[in-house]
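Report on the following structure.
Each reported figure results from applying straightforward, stated rules to the coordinates on display, with no laboratory input. Computed from a predicted model, the values in this text were never measured in an experiment. Virtual Cβ from ideal backbone geometry, glycine too; neighbours counted across all protein chains shown.
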Amino acid sequence: MTFAEQLAQYLATGLVVGGAYALIGLGFVIVYGVTRVINFAQGEFVMLGALGMATLLGRGVGVVPAFVVTVAGVALLAALLEWVAIHPLRGAPPLAVLIVTIGASIAIRGGALVVWGTDPLALPPFTAGPPLALLGAVVVRQALWVLAVAVLVFAGLWFFFTRTYAGTAVRACALNARGARLMGIRVERTHRFAWALSGALGATAGAVIAPITYATYDMGLMLGLKGFVAAVLGGLVSPPGAIAGGFLLGVLESFSAGLLSSGYKDAVAFLILIVICIVQVAGWLPWRVAGEGEA
Amino acid sequence: MVRMSPLLEVLGLGKDFGGLAAVRGVDFAVAPGQIKALIGPNGAGKTTIFNLIAGALAPTRGRVLFEGTPLPVLRPHAVAARGIARTFQLVRLFGEMTVLENVLVGCHRHGRAGWGACALRTRAARDEDARLRLRARAVLALLDLEGRAEMPAAALPYGEQRLVEVGRALAMEPKLLLLDEPGAGLDRGEQAHLAAIVRQIRDGGTTILLVDHHMDFVLDLSDEVLVLSYGEKLAEGRPAEVRSDPAVVAAYLGEEAA
Amino acid sequence: MSARERWTLLLAVMLFVSGAAWGVRSTYVLSALTFVALNAIAALGLSLVMGFAGQVSLGQAAFYAIGAYASGILTATHGWNCWAALAMAVVAGAAAALLIGLPIFRLSGLLLAMASLGFGIIVYYVLVNWSGVTGGPSGLTGIPPLAIGGFRFDTDARVFLLAWTVLLFLLGLAGNLVDSRVGRALRAIHGSESAAQAAGIDATRYKLGVFALAGGMTALAGGLYAHYLTFINPSPFGFGYSVELVVMVVLGGVASLWGAVLGAAAVVLLVEALRAALPLVASSRGAAEYEIVVFGLALMAFMIFLPGGLVSLRGERWPPARAER
């Protein structure tokens, strides 16, 4: 393999993983934007998507119905979580809410362990066939599915948020909850919807990436954290930012694993996280990462 | 009035907020030992000027000299270290701490005990603490608040909270005391009490710059008044001169009637 | 609570602990209680950060690991005196905290949480990958127990006593600190940062100081841990432990000294109790899995019904308001 081919390979791998990070990061952005909660359980939605898909495909369910059922199920669970555990904590210190999402993440992971055990589940790609050669890189077919689904989701979200009344209402809640309430938007329902949407995004990421990575009960933590880094990279409140952040993170990770050291591959994201924080403090970042001080 | 070199000099001070000029090139000086007031309708830029002096905001233009040298920018604690104390328009007390402890925080810069000495309660740290407590109690005595020393600050009525804030600033033994709307939310009796205290502080040698929009309160109290309107100086002088200044009367008619 | 009352209370607890060290014969119980103390030391540091600097660190496990590995490597690999190594571990923890805090603390908000999260995970990967020094995933063995002259802290009862002595001593120091010039400055920053600054308090420096203090305390707990087990590997120092420490602090009640102890005890004992109780209700197979679920659900329920933490049950607010001698 020539060096140029290697680079193409890293880029392709990075973009595919980045697509998943972008989907997960979007989930963080939507929940944080609307409810100001950082949802620690976001990664567990990804895990549930992957394991749910693996189970349904294993039972002989078709790809499309399996995907729809998995995503809808996780979205429902996310809305349920908001209803049972997050909604009652309105006005509580942010830390208490954070701990609740940590508790939820632990409970979901434990539940998955009970149901699925520790063994990784393999699942077939959505379409069978040998890998494809694209511009010098070898790409498995599922990788194209990841990117295609991600792009479709991004387009759908863009349409929803900018071209529909409901999407505009969600954005209004994110910008100014009190104002939105005065305009007759039902903020509580919007919150629940934001959670459901982020659950669906996480499950989508898990379902499409699992044929490449396998599905295990503990895959959620790392994927969730990476998605969080992607969201932070993009400013934490900006959906396009999270998408760009996801792809950037995937590519950076892939290149550093290939060119530097694979042992530190998972550390790259967190090095980026620290660098962003420092750069923001220094005031070199053209956008704000998160949080604000006393006025 | 005898000309002395000013304690505080504000030179061509300006501040824009996103293209909107809140303060437009204001010049003034505060002589040692005087009570000077900045007055003007809401939005005239009074509190902004305070925040610029105190280092809470960075000026867009101009500068502030204290005892002839520029004040640090955006480092309020360093401004405080130069001997400038302030109160806030909306009282900012440490609500969960007692009244005495609030004033003790004002004594902070007169103490030196560090982390180790404090954790180990060394003799030096305990002696220093006892000394600071005496000082704080003296300040409370001046404000007639001795009886409140052990109460949580948040439990006090508003008027007394304002006094505690003044006490906290006084405990710093500042050369210059900035009072941001000290009379706001006080009734006539409380205002008179406060005015007496402010005079007493001035007579103790502390220079005072205050911001307010209660004309009567300010004009009775101050040695010199600067009237601001839309971020610019409208008039400056003794209270009697300013009161009869036609530009001031015009700017203020609506305000006072309301 | 006055300083005298505080130290009297600590002494009473110390007597009780000493009694337990002689009376309790179960090494299982003693070791669980030792872990309560080690966790409480680390949680105490974090509770100071959360209570005073108003910031949460999601990477405290890194300081625990730095303490454990610094002390472990210096003694096992380089043959240092164990107390010198332990002191060095504390310094390393505090220095690491300064390093990460220095660029961050000028802004508030979520930045410290994020940066510390990143730092914690990076430290973990360094421990795993830098095998030449850390022993990699298989860990570091042959760490000597702490010893004074010929007296070695090599039984569960002895380490238990040592860990609790250190914890109670630190609680006493922290109590002193809270009720002092520095403590008032910290509480003032917590009350209103702008007002504290206007009183001449350099908020950034004090917050950084608290973070370094927490880093040092957590590293001390890590060092004690290394000399207790005489073997360390990276797996206990992952992101999960950082989260667990935050959970301890919040369960106990933020910014309350005894809250950190209560929270540490609650987490350790809850985990142990679940381990003991669940095989009785669930079938023997899968009990450990249910344990995780119940722990997660209990955590959620706890925060929903008692968001102020365990100390809020007593209805007493900390810091001690009436602190006049």
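Worth a mention:
- For B:Gly62, the residues whose amide H sits under 5 Å from its own are B:Gly14, ignoring neighbours fewer than 5 places away on the same chain, with H placed 1.01 Å from N.
- The calculated FRET efficiency for the pair B:Leu134 and A:Ser238, based on their C-beta separation and a Förster distance of 56 Å, comes to about 0.50.
- Per-residue ³J(HN,Hα) for the stretch C:243-252, Karplus 6.51 cos²θ - 1.76 cosθ + 1.60, θ = phi - 60°, Hz, x for Gly and Pro: 5, 4, 5, 4, 4, 4, 4, 5, 4, x
- In the elastic network of chain C, a GNM with C-alpha springs shorter than 10 Å, the most mobile of C:Gly142, C:Gly23, C:Gly216 is C:Gly23.
- One chain, two ends: C:Thr77 and C:Leu99. Fully extended at 0.36 nm per residue, the span grows by 5.4 nm beyond their Cα-Cα distance.
- Summarising the amide proton neighbourhood of B:Ala22: residues at separation of 5 or more, or on other chains, whose placed amide H is nearer than 5 Å comprise B:Lys15, B:Asp16, B:Phe17.
- The angle between the Cα long axis of helix A:42-58 and the main principal axis of chain A comes to about 50°, on a 0 to 90 degree scale.
- FRET efficiency for A:Val69 and B:Ala78, using Cβ-Cβ distance with R0 set to 51 Å, rounded to 0.05: 0.25
- Take the Cβ atoms of A:Arg163 and C:Leu15, set R0 to 51 Å, and the FRET efficiency comes out at 0.10.
- Convex hull volume of the stretch C:13-118 per residue (C-alpha atoms, cubic angstrom): 135 Å³
- Label point of A:His87 set 7 angstrom out along Cα-Cβ; within the stretch A:178-196, amide nitrogens under 18 Å from it belong to A:181, A:185-196.
- With neighbour counts taken as other beta-carbon atoms within 10 Å, the residues C:Leu257, B:Leu90 rank, fewest first, as B:Leu90, C:Leu257.
- Couplings 3J(HN,Hα) for the stretch C:257-274, derived from phi with the Karplus relation 6.51 cos²θ - 1.76 cosθ + 1.60 (θ = phi - 60°), are 5, 6, x, 4, 5, 4, x, 4, 4, 4, 5, 4, 5, 4, 4, 5, 5, 4 Hz, where x marks Gly and Pro.
- Kirkwood hydrodynamic radius over Cα pairs of chain C, then Stokes diffusion coefficient at 4 °C and 1.567 mPa s, in µm²/s: 64 µm²/s
- Only Cα pairs under 8 Å and 6+ residues apart enter the sum, and on that basis the relative contact order of chain A stands at 39 percent.
- Working note: Debye formula, equal point scatterers on the alpha-carbon atoms of the stretch B:174-226, no solvent; log10 I(q)/I(0) at q = 0.17, 0.24 Å⁻¹ is -0.47, -0.96.
- As a proxy for reagent exposure, ranking C:Thr230, B:Thr69 by other Cβ atoms within 10 Å from fewest up yields B:Thr69, C:Thr230.
- Charging the Cβ of each Asp and Glu at -1 and of each Lys and Arg at +1, and nothing else, the dipole of chain C about its Cα centre rounds to 560 debye.
- Inter-probe distance in nm under a simple model that places probes 7 Å from Cα toward Cβ, at A:Val151 and C:Phe305: 5.2 nm
- Centre separation in Å (Cα based) which lies between the stretch A:23-74 and the stretch B:1-71: 57 Å
- A:Gly136 long-range amide H proximity, modeled H, under 5 Å: none
- Inter-centroid distance (Cα atoms) of the stretch A:191-233 relative to the stretch C:227-268, Å: 27 Å
- Coil-residue trypsin sites (Lys or Arg not before Pro) of the stretch B:109-178, DSSP, other Cβ within 10 Å capped at 13: B:Arg112
- Grouping the Cα pair distances of the stretch B:8-66 into 5 Å bins from zero gives a pair-distance distribution of 5, 19, 31, 27, 14, 4, 1, 0 percent in increasing distance order.
- Taking every residue in B:102-108 and counting other chain Cβ atoms within 10 Å of its Cβ, the average works out to 6.
- Ordering A:Val208, B:Phe50, C:Phe237 by Cα displacement along the dipole of the protein assembly as shown toward the positive end leaves C:Phe237 in first place; charges were set at the Cβ atoms of Lys, Arg (+1) and Asp, Glu (-1).
- Relative exposure of C:Phe119, C:Phe231, judged by other C-beta atoms within 10 Å (fewest first): C:Phe231, C:Phe119
- Sorting A:146-153, C:207-214 by their mean Cβ neighbour count within 10 Å, with the most densely packed peptide first, gives C:207-214, A:146-153.
- Rounded to the nearest whole Hz, the Karplus-based 3J(HN,Hα) values (6.51 cos²θ - 1.76 cosθ + 1.60, θ = phi - 60°) of the stretch A:30-37 follow the sequence 5, 5, 5, x, 8, 10, 6, 10, with x at glycine and proline.
- Kirkwood-Stokes translational diffusion coefficient of the stretch C:142-295, alpha-carbon pairs, 20 °C, 1.002 mPa s, µm²/s: 116 µm²/s
- Loop chymotrypsin sites (Phe, Trp or Tyr not before Pro), the stretch B:144-244 (other Cβ atoms within 10 Å of the site Cβ: 16 or fewer; DSSP): B:Tyr230
- Once you divide the Cα radius of gyration of the protein assembly as shown by 2.2 N^0.38 Å, the number left is 1.06.
- Part-to-part distance (alpha-carbon centres) for the stretch B:90-157 and the stretch B:217-241, which is given in Å: 35 Å
- Taking N as the residue count of the stretch A:196-259, its C-alpha radius of gyration divided by 2.2 N^0.38 Å amounts to 1.15.
- C:Ser131 versus B:Asp27: modelled label distance in nm, points set 7 Å from Cα along the beta carbon direction: 7.5 nm
- When the helices of chain A are scored as -39500 (n - 2.57) per DSSP H run of n ≥ 4 and the total is divided over every residue, the value at 222 nm lands at -24500 deg cm²/dmol.
- Range of Cα positions in chain B per principal axis (Å), largest first: 62, 40, 39
- Among beta bridges that DSSP assigns inside the protein assembly as shown, antiparallel share in %, nearest 5: 60 percent
- Direction-averaged projected area, Cα convex hull, the stretch A:83-202: 11.5 nm², rounded to one decimal.
- Taking trypsin sites (Lys or Arg not before Pro) in DSSP loop states with no more than 14 other Cβ atoms inside 10 Å as exposed sites, chain A has its longest site-free stretch at A:187-287.
- Residue with peak Gaussian network fluctuation, chain C [Cα springs, cutoff 10 Å], from C:Val126, C:Val268, C:Val90: C:Val126
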